[in-house]
Every structure is written in structure tokens, then in C-alpha cells.
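Rule-based calculations on the coordinates, nothing more; no lab input. Source: prediction; values computed, not measured. A quick note on method: Cβ atoms are made from the backbone with ideal geometry, for glycine too, and the neighbour counts reach across all protein chains shown.
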Amino acid sequence: MSSPPLANLQNANKTKEELPLTEIIVITSGKGGVGKTTTSAALGTGLAQKGHKTVIIDFDVGLRNLDLIMGCERRVVYDFVNVINGEANLNQALIKDKRTDNLFILPASQTRDKDALTQEGVQRVLEELKKDFEYIVCDSPAGIEKGAFMAMYFADRAIIVTNPEVSSVRDSDRILGLLQSKTYRAENNQPPIQEHLLLTRYNPDRVDLGEMLSVEDVEDILAIKLLGVIPESKSVLKASNQGAPVILDDESDAGQAYDDATRRLLGEEVEQRFIEKAKQGIFKRMFGVR
Amino acid sequence: MAFLDYFRTKQKNSANLAKERLQIIVAHERSTREQPDYLPALQKDLIEVISKYVAISQDQVCVNLEKEGEYSVLELNITFPEEQAVS
């Protein structure tokens, strides 16, 4: 069993240009339905668009959905569990995205149960992916069971997808606790996982009316760095209907918000948008047309 | 008056209520997160012992373990009821 420090040592021997250090990013939330898979698809695509070789792994064994969101559901032959069990090699299981260069998808198994993911198996696959990829995006299942643990265990960074709603915020805090204690970095006294907040399904109009928690409220409670705010948008459902990550819809507010978030993830300073109430035109104000 | 009530309910801000509730529950859950497993049992035993002498209820005993670098501090906070000991 090879361990990550060993891999880092191997990486260090090569020049930086030849092989940039791979970063493992987990997209997690605790609560279901907040937008983890939408976010994994969008940010993974965003990183690849910016020229970084990226793979998105679906950790939701038994309930895979990343393939549908990415529009490659009919191209799945082998999956993550097949690779772990040695029934297929990585190249057979990786699906090359047809729309975006530098982007690959590793689908989850639809038939096995979550125990099929073993720590050794996951580590082995991640080590192999590290040789080829700059970013490994792990799409976590909901809950705090094995699949979610495996998705976060080897992460360098975590993006906590949160809705401005009480149960989602509470679950996010729970996940933060687990990231700080039940991960490789925590258990081996390494620098902690970098945590980022991504607030999704945000509605500035309702925040203005006092009907929804504001960005500041959620930042106050969770006390982690804000990566971005994705506004509640019709374009998200439209994108999933079409099987194309929403970030490809560069006309849409959600697509632009994900592009901003990708750039921040890469270290760029990008001002927050979509957190202010939309300005209403004079006709809307006079007649209240919706 | 009904129409005044309408304005009053509108003043009540549900987002603020959500924030207050979250701050309380999150702070509580964070404090229990790092505690060892035996703490709830210890708290239960302590309450039993103290109840022999003083009438107290569950929420009047607070057991807290805080880590400060090399050592841990076990903090025991008991609020006595206003009327004194059971005789």
C-alpha cells in the first residue's frame, strides 16, 4: 500500500512544469439535494476549460447521477468499483468528456452497495489518477455514511455546498466537524483541509424581504471562507435536462457564478456577484409585472 | 385590528429567527462534538448522586470537558434550585 507522502516525494523529483501537484477537491454537504452534483459538474468543467486536466469521480455508489448531469450516461461501460476490484483498468473506466477538453468522468457503480468502496481501493485509484491529473474532483453522496467518508478522506480541499436554509446549514457544520477529524490530513497531523463555502439556490429578493438567510448570516454561522454564491436559477434545471453542465451556459447567471467560483478556486480575485437584489425596470416597478 | 396585525406579522423577520436558532444549535453541537463518549454517562451518574441530597433536574447539571493544550479541564456546573436541600 503506497501512502500519499510517498507519492508527494515522487512528484517532487520531477520538475514542476512536468507535473504540477495534484489537488483533490471534495464537493460535500451532508444534506441531499443542495447541488453537489451540479457543482461537481460545473466546477470540474470550469477547471478543465481553464486548461487544467481534471477528472470528476462520482462517489455515490448505488445512486450514480453525475453521468446524467454530464450527459454521458450512455457511454458508461466500467465504473469506479470495477477499477477498485481490478475488473477493469482506469483507462477503460474513464469517460472523456465530448464537450470540454482536459475533462474526464469516472462514474459510480449503479449495482453495488456503498461497502464496495474500501479505503485501500480508493487510495490506490487516487494515486494512479494523480500521475495524470491536476485536479481530482470528488462528488460526495449525501449523508455521513461510507461513501461520503471515502469522498472526503483523502481531500486537500473541501467545497461545502450549502443552501440558505436551516437544515442545510446545520448539516454543513456537521460535515465541517468530520473534515476536521475523520480525514487523512486530520489523522496524520498534516495541515488541515482548506474549507470553502459555496452558497447555492440563493435568492437575493427573498433575503431582502427577510425571508431567507443572507450570505453574511451563513458565513457568520459556519465561519469558513466564501468561494461563491450561486443564485437560484432556471438555467440549472435546463442544464440538467440537457445533460450539459450549467457552466457551459455562459449567458445564465448560475453559469457565470460558477465561472467566477472556478476562477476564485484557481486563486484569482473575483468580486462577488448575484448577492444583490435585481434592479427592477420602471415598468416592473409601476405595474408589478412578473 | 386585523389590518394592523397584517403589518405587524410582516415585521417579524423569519430569516433572523432562523439565524438565532442556528447559532444556538450549532454552538451546542460543536461543544459536544469533541467530547469523549463517556461524558453523557458521567453526567447521568452525577445527577443521580446529587439528587440524593438536592432536588435538581437534568438541565441544572452541566458537564464540560475542555482541552487546553497538554491537559484537559473537567468543568462541573450545578445550578441549585432556590429552595434548599431535601431534608
Checklist entry - What span do the alpha-carbon atoms of the range A:124-276 cover on each of the three principal axes, reported in whole Å from largest to smallest? => result 46, 33, 30
Checklist entry - What ranking of B:K52, A:K50 emerges when the number of other C-beta atoms within 10 Å of each C-beta is taken as an exposure proxy, fewest first? => result B:K52, A:K50
Item to check | Shape parameters for the range A:112-183, alpha-carbon atoms, Rg then Dmax in Å | outcome: 13.3, 41
Next on the checklist: Given points 7 Å out from each Cα along the Cα-Cβ axis, report the A:E128 to A:E271 separation in nanometres with one decimal.
Outcome noted: 4.7
Checklist outcome for this item: Pairs over 20 Å Cα to Cα, from A:K53/A:K114; A:K114/A:K182; A:K31/A:K182; A:K146/A:K182; A:K96/A:K131, come to A:K53/A:K114
Item to check | Neighbourhood net charge (11 Å Cβ-Cβ; Lys/Arg +1, Asp/Glu -1) for A:S235 | outcome: -3
Checklist entry - Exposure proxy check: A:L198, A:L237, A:L117 ranked by fewest other beta carbons within 10 Å? => result A:L237, A:L117, A:L198
Checklist entry - Per 20 Å bin, what percent of the C-alpha pairs of the protein assembly as shown does each bin hold, from zero upward? => result 25, 48, 23, 4, 0
Checklist entry - If you line up the long axis of helix A:36-49 against the longest principal axis of chain A, both from Cα atoms, how many degrees apart are they, to the nearest 10? => result 80
Item to check | Under DSSP loop assignment and at most 12 Cβ neighbours within 10 Å, longest GluC sites (Glu not before Pro)-free interval of chain A | outcome: A:146-250
Checklist outcome for this item: Excluding residues fewer than 8 positions from A:K130 in its own chain, the aspartates and glutamates with Cα under 16 Å of it are A:E17, A:E18, A:E23, A:E120, A:D156
Next on the checklist: Output the 0 to 90 degree angle, nearest 10, between the alpha-carbon long axis of helix A:253-265 and the longest principal axis computed from the alpha carbons of chain A.
Outcome noted: 50
Next on the checklist: I'd like the per residue volume of the convex hull spanned by the Cα atoms of the range A:16-128, given in cubic angstrom.
Outcome noted: 114
Item to check | Positive-end residue, the protein assembly as shown charge dipole about Cα centroid, Cβ charges, pick of A:L94, A:H196, A:P245 | outcome: A:P245
Checklist outcome for this item: Taking the range A:31-95, the whole-percent share of alpha-carbon pairs separated by over 16 angstrom is 51
Checklist entry - How large is the helix-only mean residue ellipticity at 222 nm for chain A, computed as the sum of -39500 (n - 2.57) over DSSP H runs with n ≥ 4, divided by its residue count, in deg cm²/dmol to the nearest 500? => result -11000 deg cm²/dmol
Checklist entry - Where the centre of each part is set by its Cα atoms, how far does the range A:35-50 sit from the range B:24-87, in angstrom? => result 46
Next on the checklist: Please compute the average number of Cβ atoms from other chains found within 10 Å of each residue's Cβ in peptide A:161-169.
Outcome noted: 2
Checklist outcome for this item: Rh (Kirkwood, all Cα-Cα pairs) for the range B:9-85, Å, reads 15.2
Checklist outcome for this item: Projected onto their principal axes, the Cα atoms of the range A:176-261 stretch, largest extent first, over whole-Å spans of 44, 34, 19
Item to check | Estimated distance in nm for a label pair at A:N241 and B:T79, the labels positioned 7 Å out from Cα along Cα-to-Cβ | outcome: 5.5
Item to check | Burial ordering of A:S168, A:S181, A:S252, A:S235, fewest other beta-carbon atoms within 10 Å first | outcome: A:S181, A:S235, A:S252, A:S168
